[in-house]
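Quick notes on the structure that follows.
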Amino acid sequence: MKNLKPQDMGKRTEQLVQLGKLMDLPAPYDQPGMEPPLTVPKDAWKEKHCTTLDGYVGIDTLIRPQTKAEEEQVVNSFLSGLAKIFSDDVNRNFLQPLVLSIKYCAKCNTCSEACHIFKASGGQEIYRPIFRSEVLRKIVKKHLTKSGKMLGSLVGADIDINWETIARLGELAYRCNLCRRCAQACPLGLDNGLLAREIRKIFSQEMGIAPKPLHEKGTMLQLKTGSSTGLTKPAFLDMLEFMEDDIFAKTGKKIKIPVDKKGADILLTHNAGEFMTWPDNPAAFAVLFTEAGLDWTLSSDMIGYDNVNYGLWYDDVQARRVAQEQFKVAKQLGVRRIIIGECGHAHKASAVSMDRITVGEDKIPVESFLPLLWEMVNRKVLKLDPQKNNFPVTLHDPCNVVRMMGVVKPQRQILQAICPQFREMTPHGVNNYCCGGGSGFAIMQSMNFPEFRKQVGSRMKFRQILQAFQGSMDPGTPKYICAPCSNCKGAIRDILEFYHTTEKFNIHYGGLVELVVNALVDIEKPFLEFLA
Amino acid sequence: MILLVYIYFSLFIFVFVSLWKALKYAKMPMHSRWELYPVPKETGERAKYGGSYFEDYQWWAKPREVSHVGELKEMLKEMLFIKNLFVNQRPFWWLSYTMHLGIYFLGVWTILLGVGALTEPSGLPSFIYYATLISGSVGALLTALGSIALILRRFTDTTLRKYTTPQEYFNLLFIFAVVITGMMVWVGDPGFNYGRMIMKGLFTFTPFTHGGVLTVHIILLGALLVYIPFTKMSHYVGKYFTFHKVLWENEPNLRGAKIEASVRKALSYQPKTSWSAPHINNKGN
Ligand code: SF4
Ligand code: SF4
């Protein structure tokens, strides 16, 4: 559709937009043929799901109704949820920020330039941060306000509320990484990311609709088995044994990983995805913590070995349930503090978002691993040789660690100390761009959604990565993107694979602790596999 | 006399509804932490690069340091210069700031009129006279210019036009109309003597003489004052909360901390209704 407006979300057209020319990538990806063309959705998906927004399906559980009655039921359920987000009874935790962001938008459009999705898409109208907010605002005006009911389009209450509107809006809430970069730019301090999240909440908490990887195979599985990976306690313990052997083989160090040590100083928690996909990361933590002589432990308790909290992205109730269980584990172990490993959203969940769900004896302080790691490097507790990391390294800042938590400097100090060729991305720190995997995208693999993530969501990050390594693109030089977050690593892994960047240009990715272990003086072989 | 009462009334509504709104926001339940860095009340360099106390090793064992000066400075920059817009969207800032600066000048002008009205019986000091003259004329010109420029910009820019509702044009037009009628009165009385006369009337509760244009101006201004707090033009209230109570609110809930009592109270709340999705009431099964 040409000249698309928020009102068009209610029109019964086939597909509002078909993505075309995306933001240019820098050399060598500025050449034709370096990127496969975008695809169109399969007919079967069109029939079953909502592809009428941009052709992508993010919510695999959003099923197209077959009858008028079913359609109405969905619309009514949405509207009932809409009323609830404005209730000071059931949405207490977000009422104030929500009302402010709904009420005060000056439509100055400052936020658009800040959004990597909008920019990467080549400026597609529907991805403008205020497009989504404005659709929501129009529905609110029309359905919930007297002025909207009386004055209609004069006050912006001009939108048809039908199944298509609601379904598209639900999908659109999953075209936002909740990175909140737009909120930083807003002169009124409004938050389009928050509004996207509130839409996701209506879908999940009221309508029972959320992407499977986040809900059914995410928080639900975690609450049931202890981990969203499905990892059970016996499997976890096996894995640790295997990891100890692996550490020995790689570093020559005989390490006993402490598990369920009562009264330890530190409970270290990881994203369980690390154990499954990047076991070198928890292994590196074990090496460093042992080397530094810390009094630490892992937990093998239900949920104690998985610090993720997908609820953060779509459902307050689930978020709280998961966090409560996680805090309980720490309390029962009697540890002095919880240290969060390399998982961005777990940082935010445990230290920030869920900071106010426990009090008194139940309250165990939560720290990021970063200040601790810097302390270890800075105090020379570890014997490190930066020359072992003498290759170009750049740092990706996970939004949840920087923008949402303010941990910016320690990771830089560490990299400056151990990587002689460290270079920043532009922009970085609290002004970073999201990796494109934020808010669940990294694990949402249904249908054609990964195409959206890789070619649009992660595009700005890919551009930044290439820019950071300009001048060093020679395939003979290994290069490393340090991404201290599981989800960011997942998103970055996928773009490097998609664009064949590792194979063509020798660009690798991984965490921060691996770099530190790689620099340890007393290990003979490189810890980073691509250097071996 | 009726006009006098009308002015009292509109001023009262403006202040009362604005305060009532502020109170409404202030009384909303404590929300989950939702801060966004940089937070200017963090100390030293951190306020600039966006660091927080979480950067300290064992942060929770250290005394919490907060820079109220830093917060105030950032707040003033935002209030006086609309800094975020200046940094992120300069072309729009020129227009928006022209109007806002105009309104600030008119605010100062109003105060000066009051001071003038009080000092006039014992001889109006000339600097008050001239300061009134300058603030009033500059304020009126900037506000008129800014509001009409914003209307034109919104109307001619294809993107902005999509998002601007008729009401939003009306709001700007309303401001423009008030200023224009004001300027029409001013043309006949360049020294703003009529302004001091009205102020005197307000202070002493005595009716003042008013011609046709002045009457229209006062009626429009009063209506605007009544209207503003009910619309999003009351962002002078909202902005305080978005920054102070949401984006910059990063008070950690530590055992024994002051905030703990409020957290405890918030946690004790039992909702009367519930969400309807099946998993909500099945405790995750
Ligand atoms: S939160 Fe991030 S992804 Fe979402 S609209 Fe804002 S800038 Fe874009
Ligand atoms: S920057 Fe803020 S006020 Fe301006 S359009 Fe975006 S959300 Fe609205």
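The values are calculated or read from the model by the stated rules, or taken from the named source; none is laboratory data. Bear in mind the structure is a predicted one, so any value in this text is a computation, not a measurement. Backbone-built Cβ (ideal geometry, glycine too); neighbour counts: all protein chains shown.
Here are a few things to note about the model shown:
- Residue match in segment B:223-234 (condition: at the interface with chain A (Cβ under 7 Å from one of its Cβ atoms) and either in a loop (DSSP other than H, G, I, E, B) or under 30 Å from residue B:69 (Cβ atoms) (or both)): no
- Taken over segment A:204-213, the criterion of being facing another protein chain (nearest Cβ under 9 Å) and either aliphatic (A, V, I, L, M) or under 21 Å from residue A:437 (Cα atoms) (or both) is satisfied by A:204, A:207, A:209, A:210.
- Residue pairs whose Cβ atoms lie under 8 Å apart, sitting 6 or more positions apart in sequence or on different chains, and linking a residue in segment A:291-304 that is aromatic (Phe, Trp, Tyr) to a partner that is part of a strand (DSSP E or B), are A:296/A:266; A:296/A:267; A:296/A:268; A:296/A:339.
- Reported count of residues in segment B:257-280, each being of a type in the set (D, E, K, R) and part of a loop (DSSP other than H, G, I, E, B), is 2.
- The residues in segment A:222-272 that are surrounded by fewer than 18 Cβ atoms within 10 Å (Cβ to Cβ) and within 14 Å of another protein chain (Cβ to nearest Cβ) can be counted, and the count is 3.
- Within segment A:273-289, being over 16 Å from residue A:308 (Cα atoms) and among the aliphatic types (A, V, I, L, M) holds for A:283, A:284, A:286, A:287, A:288.
- Any hit, segment A:427-439, residues being touching a Phe, Trp or Tyr at 6+ places or on another chain (Cβ under 9 Å), aliphatic (A, V, I, L, M) and closer than 30 Å to residue A:229 by Cβ: no
- Verdict on residue A:82 being away from ligand 2 (no atom under 16 Å from the Cβ), surrounded by 15 or more Cβ atoms within 10 Å (Cβ to Cβ), of a type in the set (A, V, I, L, M) and farther than 27 Å from residue A:313 by Cα: no
- Being within 11 Å of chain B (Cβ to nearest Cβ) and of a type in the set (D, E, K, R) holds for only one residue in A:198, A:216, and it is A:216.
- Test: residue in segment A:45-64 that is part of a loop (DSSP other than H, G, I, E, B) and within 16 Å of residue A:198 (Cβ to Cβ): yes
- Taken as a whole, the structure leaves residue B:9 outside the set of residues that are at pLDDT below 95, in a helix (DSSP H, G or I) and aromatic (Phe, Trp, Tyr).
- Residues considered: A:361, A:342, A:325. Of these, the only one that is in contact with a helix residue (DSSP H, G or I) (Cβ under 9 Å, 6 or more places away or on another chain), modelled with pLDDT under 95 and more than 9 Å from chain B (Cβ to nearest Cβ) is A:325.
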